[in-house]
1. Would you mind computing, in nm to one decimal, how far apart the modelled labels at residue 43 and residue 24 are, each placed 7 Å from Cα along Cα→Cβ?
2. By per-residue mean of other Cβ atoms within 10 Å, what is the highest-first order of 37-47, 23-33?
3. Using 0.36 nm times the number of residues separating residue 8 and residue 32, minus their current alpha carbon distance, what extension gain do you get?
Amino acid sequence: MQRISAINPATAGGKAKQLLDGVQAKLGMTPQMMKTMAVAPATLEAYLNFGATLATGTDRKSTRLNSSHT
């Protein structure tokens, strides 16, 4: 049972429309979860920025602690 109604990208406005248009352009579709997050555009923006940051992260091996340095 859905408790938060998703935004229809065709009728979205302001920041929500801008973010949803970007998702559509990048993915070729707009996932339901992102339509729901767009109810609070700051939430969707944070989610997208987090994903972008992870995508540009460094290799985990280079940041892993070496057990011999204890």
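1. 2.1 nm
2. My ranking of the peptides, most packed first, is 37-47, 23-33.
3. Extra length available between residue 8 and residue 32 comes to 7.7 nm.
Computed from the coordinates by the stated procedures, all read-outs in this text should not be read as laboratory data. The structure displayed is predicted, hence computed values, not measured ones. Backbone-built Cβ (ideal geometry, glycine too); neighbour counts: all protein chains shown.
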